[in-house]
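Shown next, in structure tokens, is the structure this report addresses.
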Amino acid sequence: MPNKGPCSEPLSELIRLFVERSGATRGDPSPEQVMTQMVERTIGRRGCGQEQALQRFLESRNVFSLEISNDLSCDGMISPIGASFPDGFKMCLQKSAPRVRQRFTMAHEACHTFFYEFAPELKFRPHETDDTEERLCNLGAAVLLIPSSSLRKRSLTLPVCLNSLEQLAEDFGVSLATMFLRLRALRLWDCELSTWHRTTVGSFVLDRLYRCRRRNWQWLDSSILNQAWVANHSIFGSDFIYVTRDTDGRKAFRPVVYNVRRFGSGLMALWGRGIREAKPSRPLFQLRSSQPRTGLPAG
């Protein structure tokens with residue numbers, strides 16, 4: 001089977017079996033397409049609330065037990081009750097995690113059951129973490145918590161900016177990163193999301209880039225991040241970003257439109273295409289000035 005996926009990483013035996021045994025149609029599907037299809041097939045097309053959809057998904061995936069604990073060293077975990085998929089699973093969540101994080105963890109852990117179902121000879125025995133499996137479970141959680149039809153309809157009413165991202169994340173009860181990746185996966189937004197850490201000497205270092213491959217992008221105008229740091233609101237503009245090539249040391253430039261805003265102890269930047277600030281609403285009726293429209297101030 002050829003390599004698939006946004007990063008073209010070779011498929012592990014686990015992922016190969018997951019794709020082959022899923023029963024997915026549509027030609028030669030990628031692991032991402034299979035996970036999306038499995039989640040959508042499980043929840044069906046019947047309309048229901050977010051919490052109902054999550055609960056129904058857990059039941060459909062044979063999650064028979066859900067516990068909350070303070071003793072976990074992670075956000076959550078799932079483990080089989082018996083030696084086969086029909087025996088079911090028990091899930092445990094970190095009690096101190098925010099509700100948004102708990103919901104995503106429940107969806108993520110439940111997506112692991114697909115791999116128990118389709119590759120039991122690998123999952124029902126001691127095994128190491130498969131990074132692609134983890135990434136696919138993140139995708140499955142996003143598909144479950146953010147239905148494509150609802151997001152398409154909602155996103156069309158909002159401009160592409162950080163304020164809209166925050167509003168959408170709140171509407172669907174997910175994190176900013178989860179919402180952004182879902183918007184990109186559905187090709188509703190064509191931009192990048194990055195977070196920047198401020199050092200003790202006042203400079204900024206790229207902390208996280210939400211895309212397939214991390215590259216050390218730099219701003220041509222280094223003052224942009226400082227402007228956003230001292231401002232009390234989002235800043236918008238256009239600039240060039242560049243990355244230094246490892247092969248020959250030359251710089252590759254890319255023009256971008258950006259929206260940068262301070263978040264807690266760091267910065268968050270949205271940059272790429274289509275980014276724009278929301279237009280202020282205009283009153284339905286405006287009084288016309290009695291002065292002639294000369295373009296000069298009234299004397």
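Descriptive notes on the structure:
- Selection from the range 244-265 of residues that are within 20 Å of Gly202 (Cα to Cα) and surrounded by 12 or more Cβ atoms within 10 Å (Cβ to Cβ): Val260, Arg261, Arg262, Phe263
- Any hit, the range 225-242, residues being modelled with pLDDT under 85, among the acidic types (Asp, Glu) and over 24 Å from the mean Cα position of the chain (by Cα): no
- Residue within the range 38-53 that is of a type outside the set (Lys, Arg) and within 20 Å of Ser12 (Cβ to Cβ) present: yes
- Filter result for Arg101 (under 27 Å from Ala53 (Cβ atoms) and among the charged types (D, E, K, R)): yes
- Selected residue (only one of Thr157, Thr178 is of a type in the set (Ser, Thr, Tyr), without any contact (Cβ under 8 Å) to a residue 60 or more places away in the chain and either out of contact with any strand residue (DSSP E or B) (no Cβ under 8 Å at 6 or more places or on another chain) or surrounded by 14 or more Cβ atoms within 10 Å (Cβ to Cβ) (or both)): Thr157
- Only one of the listed residues (Thr105, Thr178) is assigned by TED's automatic domain parsing to the domain that holds Ile78 and not aliphatic (A, V, I, L, M). That residue is Thr105.
- Condition check for Ile241: aliphatic (A, V, I, L, M), assigned to a strand (DSSP E or B) and surrounded by 15 or more Cβ atoms within 10 Å (Cβ to Cβ): yes
- Complete set of residues in the range 140-154 that are surrounded by fewer than 19 Cβ atoms within 10 Å (Cβ to Cβ) and touching a helix residue (DSSP H, G or I) at 6+ places or on another chain (Cβ under 7 Å): Arg154
- Conditions (1) without any contact (Cβ under 8 Å) to a residue 60 or more places away in the chain; (2) not in a loop (DSSP other than H, G, I, E, B): number failed by Asn232: (2)
The rows are residues; the columns are (1) crowded, with 21+ Cβ neighbours inside 10 Å; (2) outside any helix (DSSP H, G or I).
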{"residue": "Arg103", "(1), (2)": "yes, no"}
{"residue": "Met106", "(1), (2)": "yes, no"}
{"residue": "Ala110", "(1), (2)": "yes, no"}
{"residue": "Phe114", "(1), (2)": "yes, no"}
{"residue": "Glu121", "(1), (2)": "no, no"}
{"residue": "Glu128", "(1), (2)": "no, yes"}
{"residue": "Thr132", "(1), (2)": "no, no"}
{"residue": "Leu136", "(1), (2)": "yes, no"}
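- Boolean, Leu168 is of a type in the set (A, V, I, L, M, F, W, C), under 25 Å from Ala278 (Cα atoms) and free of Cβ contacts under 8 Å to residues at least 24 places away in the same chain: yes
- Residue match in the range 197-212 (condition: touching a residue at least 60 places away in the same chain (Cβ under 8 Å), in the same structural domain as Ala177 (by TED's automatic domain parsing) and either on the phi > 0 side of the Ramachandran plot or surrounded by 17 or more Cβ atoms within 10 Å (Cβ to Cβ) (or both)): yes
- Between Leu72, Leu66, the distinction of being part of a loop (DSSP other than H, G, I, E, B) and under 26 Å from the mean Cα position of the chain (by Cα) belongs to Leu72 only.
- Scanning the range 134-155 for residues that are out of contact with any Leu (no Cβ under 8 Å at 6 or more places or on another chain) and over 19 Å from Ser30 (Cβ atoms) yields Ile146, Pro147, Ser149, Ser150, Lys153.
The values are calculated or read from the model by the stated rules, or taken from the named source; none is laboratory data. Because the structure is predicted, anything quoted here is derived from the model rather than measured. Cβ atoms come from the backbone with ideal geometry, glycine included; neighbour counts cover every protein chain shown.
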